[in-house]
1. Mind counting the residues in segment 385-401 that are open to solvent by 10 Å² or more (accessible area, probe 1.4 Å), assigned to a loop (DSSP other than H, G, I, E, B) and closer than 15 Å to residue 465 by Cα?
2. Could you list, in sequence order, the residues of segment 43-74 that are of a type outside the set (Gly, Ala, Ser), over 35 Å from the mean Cα position of the chain (by Cα) and open to solvent by 70 Å² or more (accessible area, probe 1.4 Å)?
3. Scan segment 82-135 residue by residue and report those that are under 23 Å from residue 41 (Cβ atoms), surrounded by 16 or more Cβ atoms within 10 Å (Cβ to Cβ) and small (Gly, Ala, Ser).
4. Answer yes if at least one residue in segment 421-438 is touching a helix residue (DSSP H, G or I) at 6+ places or on another chain (Cβ under 7 Å), touching a residue at least 40 places away in the same chain (Cβ under 8 Å), in a loop (DSSP other than H, G, I, E, B) and more than 16 Å from residue 347 (Cα to Cα), and no otherwise.
5. Select, from 593, 559, the only residue that is over 29 Å from residue 489 (Cβ atoms), at pLDDT 95 or above and polar (S, T, N, Q).
6. For residue 296, indicate whether it is of a type outside the set (Gly, Ala, Ser), open to solvent by less than 20 Å² (accessible area, probe 1.4 Å) and in contact with a helix residue (DSSP H, G or I) (Cβ under 7 Å, 6 or more places away or on another chain).
7. Go through 355, 343 for me and flag whichever is open to solvent by less than 10 Å² (accessible area, probe 1.4 Å) and either over 20 Å from residue 286 (Cβ atoms) or assigned to a helix (DSSP H, G or I) (or both).
8. What number goes with the only condition from (1) open to solvent by less than 20 Å² (accessible area, probe 1.4 Å); (2) aromatic (Phe, Trp, Tyr); (3) touching a Lys or Arg at 6+ places or on another chain (Cβ under 8 Å) that residue 564 does not pass?
Amino acid sequence: MTNRAAVIDSAEADRVPAFQTEPLIAWGPLPPGTIHEPQPRTYDLRHQTVHVRLDWEQHAIIGTTTLRLAALAAPIKTVALDAVGMTIARVTDATGRRLKFTYNDTTLSVQLARRLAARASTLLTVAYQTVKPTKGAYFIDRMHVLWTQGETEDNRYWVPTYDHPDDKTTWQITVVTDTNERALSNGRLVSSRRVRDEGRAGIAWTWAQEKPASTYLMSVVTGNYTVVSDKWHAVPLGYWTYPDSIEAVKRGFGKTPEAVDVFSRKTGVPYPWAKYDQSVVPDFIFGGMENVTATTQNDNAILHPAWAEPQSNADGLMAHELAHQWYGDLLTTKSWGHVWLNEGFATFMAQIFTEESAGVDEGALDRLGAQEQTIDADRQGRRPIVYERWVDNPIEVFFSGHIYPKGATVMQMLRHQLGDSLFWAAMHHYTVTHAYGSVVTDDLRRAFEESTGRDFRPFFDQWVYGAGFPVFRVSFAYDTVTKQLTLDAAEAQARDSLTGYFDADVAVEALTDAGPVRGVVPVHGGTGRVVLALSGPPRSIRWNKGKWILELTDFPRPTSMLSYQLAHDDDVLGRVEAVDLLRRRLAQPRAVTALVHAATIDKFWGVRNRAVRALATADTSDTARTGVVRGALIVALRDSDARVRQSAAAGLRKFPSAELRPVLEQAIRSDPSLFVRGSALASYLTVMGDAGLPLAEEVMAMPSWLDALRGPAMGVLKEMPSAGAQALYQRYAK
């Protein structure tokens, strides 16, 4: 007897769907702003000496700074310094003579005693103070920690300087602290000596940045710090942390020597500075900042407990900021419109470190994440990578999603196109040619052309100066007589002056019972075709094998092919693609079966996690399917990876059942990860309702890092109508 349901399922699974009727993406509007051309320079800042003390009662920085500068091509009579919200006491020259100046609260204009001839130099000393600066320097009273933050143009709030990225200088900074505190700054520690300052005992710390860098990289951090010492070859490494967080800082920064080695080896340029310190600070406004030789990091991003691995692993952030010591500090964007040469490169290098240290699957998942962020960015507001428009502050161009992830993605495409040997040779040429200098995007293009003999102008015009990415409609046909597979592609993205057709050589692969068959589809002028000779019918077909090209693709394939791809593709991103497509077909038993299999036995946690999340979106109207999905999530709750367990714990709330009570209770009480326990508690409350409040009250009484236990439950409690739930919510809402 034939099982009619199985026949229907098989027929549905083998059907090739139609193309989607709606576009895969609609471009978002161009981000607002006006063009900001870099201001013309009239002088070169050669060296700057800064001496400051901190007035904690007033939140004031009181100091002097001496600047040695030289006129550029033309003589100058006036020197304009960036200085915001300061009181200027006096300005003097090298002889101590007072100089006339005007100050409008943003620019200090100093009248020189005599006209400074072209390329001649002079010295200026400014005595100043700033009280409660609104940017640039931050007094954190509860921990008695001060930190500064210069990027983009914020160091002008605590020290008069030339505060733009297109000049490089050396500097020396002396900071006076209390006797129980340390001060960290850039470069080499010259001295630390006891002093009396305003009648109080203190320590004067002097640091010298002896190789040129841009002034937005000036940094000061002070506080009661313990320094964990490490090294890479002869280069000293220091991890600055609070006295109670030594083991945590080792977890956060422990792979620094390995990352320095990877970046030095890949670029062919050994770490270029005197030392490398990393400090953690409270309430930092970013994840981290690559101040030259003295990176500042957000303490919550670095100092995580052991149980928080792998969700709070800090290797990526550590590697990103370290990579800036080459790209951002050694080579620095000449203007903020080209800042992808800093941030895109650092993101790319962090992906390289992930690949080198954790394996190619982890590296591929990193690449995919950057592509997904880029696609989301273009949905919100499509723009070129090189973009000189903003409204109020150049920091606006940083976080649209194009600088970091798309910049990294473009570098990965170049790497794939050239192969590692040629690519890293070109990177070496670019790096040594422009070391200690300022760069624009065409400097990178020329370096790649000089290294490879190829013309990269079309590539840069498409991917860097243009906007968007290709959207492919792909179809296939298999001739059973000739055993030939034909793949046809056409670009379907909306085109205009920013986005045209993209020329691309797209890797494809067909899996057959005899093994894989690979080829390349040359897409030019909007279309492409390839014919592959196979030994038999394709079991699955990949477009953009390896997912190296940034794109969206509508490629209708039957569920049976996607299920085979999920089970057999050797490329982790192929299995991820299959998960994402099968997620849309959860009404088909074949799709559910394939996802359950992947969620429980795929060898890579990222695929298991993606499959668990896909299953958690299943429609609960089908009782049989609900039982299968619930069973798979229960199995996933015992996964070896805490990220998978956390997704399973969160997903179970959608599938209430009496059998979930002991399962979730066990996870809440005994899982080694508090992230998992917190997600399980939220699901427990969803499933149990008010009957779950006693356990919730017990668990939420325990404080946890980043409120891992309480946080997820708070969202559920807020929506529960009972007085008991609301009382528990209000207890912790404050």
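The values are calculated or read from the model by the stated rules, or taken from the named source; none is laboratory data. This structure is a prediction, so every number in the text was calculated from the model and none was measured. Every residue, glycine among them, receives a Cβ derived from its backbone with ideal geometry; neighbour counts consider all protein chains shown. Quick note on the areas: whole protein, heavy atoms, side chains included, nothing else; ligands and nucleic acids left out. Shrake-Rupley method; radii C 1.70, N 1.55, O 1.52, S 1.80 Å.
1. Within segment 385-401, residues that are open to solvent by 10 Å² or more (accessible area, probe 1.4 Å), assigned to a loop (DSSP other than H, G, I, E, B) and closer than 15 Å to residue 465 by Cα number 3.
2. Within segment 43-74, 57, 58, 68 meet the criteria.
3. 83
4. yes
5. Of the residues listed, the single one that is over 29 Å from residue 489 (Cβ atoms), at pLDDT 95 or above and polar (S, T, N, Q) is 593.
6. no
7. Among 355, 343, only 343 is open to solvent by less than 10 Å² (accessible area, probe 1.4 Å) and either over 20 Å from residue 286 (Cβ atoms) or assigned to a helix (DSSP H, G or I) (or both).
8. Among (1) open to solvent by less than 20 Å² (accessible area, probe 1.4 Å); (2) aromatic (Phe, Trp, Tyr); (3) touching a Lys or Arg at 6+ places or on another chain (Cβ under 8 Å), residue 564 violates only (1).
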